[in-house]
Amino acid sequence: MAEHFLLIDDYQHILRLRLPLMDVRAPVEFTKGTFNHSYNLPLMNDAERAAVGTCYKQHGQQSAIALGHQLVSGALKQQRIEAWLDFTQKYPDGILYCARGGLRSQIVQQWLAEQGVVYPRVKGGFKALRHAALQVIDQAASQPLLLLAGPAGSGKTRLLQQLKMLDLEGLANHRGSAFGQQLTPQPPQVQFENELAAAILQVRELKADYLLLEDESLLIGQRSIPHRLYQSMQQSPALLLEEPLEKRIEVILHDYITDVLAKASKHHAETAFSVLSAMLQQGLARISKRLGGALYSELRALLLQALAEQQCSGDTSLHRVWISALLTDYYDPMYRYQLQKRALPVLMQGSASALADWWYSNNKRTD
């Protein structure tokens, strides 16, 4: 039966290709951290796992195994096997894993084999994949990094995506500012780091001279950039993206207002505008102390006026007024101060097209 217990240990291959993963851990383990390409089809649910764990502590492994087979038997066992079979048919290139690649994943492999399906499992399970992901991030911190800096609304994310480089904000599901909250929650820290490793491996395939990523604070929303990588970022040179104020206003209008409303409308058309309104007002409130009472009151009044006009007529033009004031009176002075304080070595500055030309001219790539 050894052929049924096929083991895969090319962890970077799994991460880079984001191969479909059948996670047979209990839901409580899954929610603490996983991969975007994982699907939770547990061998045991939380209550069953807790009961088996208690039995193991009190009576030893054999009794715990016997209890597990007793709890997952009959119709319940068949129901779970059918779910696993469906997964293997949908994802023939997938792999299964449990916490450490041990008993649970072996049992699932065995039960699948009894149904005529040989399906591989990750050697060492989630723990081994997680360790490999952290190694990838540490290795990246030792490689040449290049930061993409620029004032708010300059389109840094757009340029990173154009160049197929590292989008930390996309991975963290947050735009990195007081207004950066997205409609869906941020991933757990563990999942953010795992996906960061996968993204690094994909970027590495381009064989560029630098790993290019946005100049970020340590925290992106509530997700933290891994310590070694962040330290390396603080010592790296930068490209400065410069775009005219009018263009930056349009970027922010699209990304934070038009696009958010469109996305919200797809799922909750009746409340989409209320969601947008709340997000914008909360974002402004988050920086109220730094703005000061007078400026905050002025910007809030302009924002409420723009929202009222948008709700009444659909016209978003008034949003440009408060966005412009927020940029010129708050974000731009803060950006200039931080840039001067840090004294980043600048390799190139200019528009998105100019930086893209520089990048393609100064990096050996395979794409």
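Note on the range 81-136: residues that are open to solvent by 10 Å² or more (accessible area, probe 1.4 Å), part of a helix (DSSP H, G or I) and under 12 Å from Leu7 (Cα atoms) amount to 1. Taken as a whole, the range 140-161 holds no residue that is open to solvent by 30 Å² or more (accessible area, probe 1.4 Å) and within 18 Å of Gly33 (Cα to Cα). The residue of the range 284-296 that is farthest from Ser177 (Cα to Cα), among those that are of a type in the set (A, V, I, L, M) and part of a helix (DSSP H, G or I), is Ala294. Do we find a residue being within 30 Å of Asp255 (Cα to Cα), within 18 Å of the chain's Cα centre (by Cα) and modelled with pLDDT of 95 or more anywhere in the range 130-152? Scanning the range 130-152, I find at least one residue that is within 30 Å of Asp255 (Cα to Cα), within 18 Å of the chain's Cα centre (by Cα) and modelled with pLDDT of 95 or more, so the answer is yes.
Residues that are in a strand (DSSP E or B) and open to solvent by 20 Å² or more (accessible area, probe 1.4 Å) within the range 212-238 comprise Leu219, Arg223, Ser224, listed in sequence order. Counting only residues that are farther than 17 Å from Gly221 by Cα and not in a helix (DSSP H, G or I), the range 152-165 holds 6 of them. For the range 162-199, taking the residues that are under 11 Å from the mean Cα position of the chain (by Cα) and small (Gly, Ala, Ser), the one that is most open to solvent (accessible area, probe 1.4 Å) is identified as Gly170. For first residues located in the range 253-280 and among the hydroxyl-bearing types (Ser, Thr, Tyr), partners that are part of a loop (DSSP other than H, G, I, E, B) and lie 6+ apart or on another chain with Cβ distances below 8 Å form the pairs Tyr256/Arg175; Tyr256/Phe179; Thr258/Thr316.
Please tell me if Tyr56 is more than 29 Å from Ala172 (Cβ to Cβ) and aromatic (Phe, Trp, Tyr). For Tyr56, the condition - more than 29 Å from Ala172 (Cβ to Cβ) and aromatic (Phe, Trp, Tyr) - is met.
Okay, residues lined up against (1) within 30 Å of Leu213 (Cα to Cα); (2) open to solvent by less than 70 Å² (accessible area, probe 1.4 Å); (3) assigned to a loop (DSSP other than H, G, I, E, B):
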{"residue": "Leu261", "(1), (2), (3)": "yes, yes, no"}
{"residue": "Ser277", "(1), (2), (3)": "no, yes, no"}
{"residue": "Gln282", "(1), (2), (3)": "yes, no, no"}
{"residue": "Glu298", "(1), (2), (3)": "no, no, no"}
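Please verify whether Ser177 is at pLDDT below 95 and among the hydroxyl-bearing types (Ser, Thr, Tyr), treating the condition exactly as stated. Can you show your working first?
Working: at pLDDT below 95: yes; among the hydroxyl-bearing types (Ser, Thr, Tyr): yes.
Answer is yes for this residue.
Within the set of pairs 6 or more residues apart or between chains, which connect a residue that is more than 17 Å from Ile14 (Cβ to Cβ) and in contact (Cβ under 8 Å) with a residue 24 or more places away in the chain inside the range 91-108 to a residue that is part of a loop (DSSP other than H, G, I, E, B) and open to solvent by 40 Å² or more (accessible area, probe 1.4 Å) with Cβ atoms less than 7 Å apart? If the second residue must be part of a loop (DSSP other than H, G, I, E, B) and open to solvent by 40 Å² or more (accessible area, probe 1.4 Å), the pairs left are Gln106/Phe5.
In summary, Val203 fulfils each of the numbered conditions (1) over 14 Å from the mean Cα position of the chain (by Cα); (2) without any contact (Cβ under 8 Å) to a residue 60 or more places away in the chain; (3) open to solvent by 40 Å² or more (accessible area, probe 1.4 Å) with the single exception of condition (3).
If the condition is being open to solvent by 60 Å² or more (accessible area, probe 1.4 Å), in contact (Cβ under 8 Å) with a residue 40 or more places away in the chain and not in a helix (DSSP H, G or I), then the range 313-345 contributes only Pro345.
The values are calculated or read from the model by the stated rules, or taken from the named source; none is laboratory data. Note that the coordinates shown come from a computational prediction; the quantities given were computed from them, not determined experimentally. All Cβ positions, even for glycine, are placed from backbone atoms using ideal geometry, and neighbour counts span all protein chains on display. The protein model used for the area step is the full one, side chains on, heavy atoms only, and it has no ligands, DNA or RNA in it. Shrake-Rupley method; radii C 1.70, N 1.55, O 1.52, S 1.80 Å.
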